[in-house]
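Pasting a structure here, questions to come.
Coordinate-derived values only; no laboratory data. As the structure is a computational prediction, the values presented were derived from the model and not from experiment. FYI the Cβ positions are ideal-geometry reconstructions off the backbone, even for glycines, and counts take in every protein chain you see.
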Amino acid sequence: MQIVSFNDFVVGALRGQEVVDLSPAIGDLANLPWDERLPGVAAHYSQLKDAIASHVQTERPFRARRSFCAPSGTMASGRRVTRQPRSTSPSSRPSPS
């Protein structure tokens, strides 16, 4: 089982290609500051292992309400990104050594 951090530092576990939110299984560790969550889970893993394993098997995978991934060449807002052509003037080329 691989423990991951997703969606602004929420602790989760990979199940195949899906992510399961572990917040209910790790209890108060989910309320720690973001930079202490994964180390806290690692430190208490021996006590949490059974609860995490059963939670991963029974819980539905996390579903983002909105995808923040945009196709290449577009922004998340859907606007098309145009790239500026590279300058080919002699002054922008590196000089041969």
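Pairs needed: first member in segment 7-21, closer than 20 Å to Ala51 by Cβ; second member anywhere, small (Gly, Ala, Ser) and not in a loop (DSSP other than H, G, I, E, B); C-beta distance under 7 Å; at least 6 residues apart or different chains.
Val10/Ser23; Val11/Ser5; Val11/Ser23; Val11/Ala30; Val19/Gly12; Val20/Gly12; Val20/Ala13; Asp21/Gly12
So which residues in segment 1-41 are basic (Lys, Arg) and in contact with a Leu (Cβ under 9 Å, 6 or more places away or on another chain)?
Arg37
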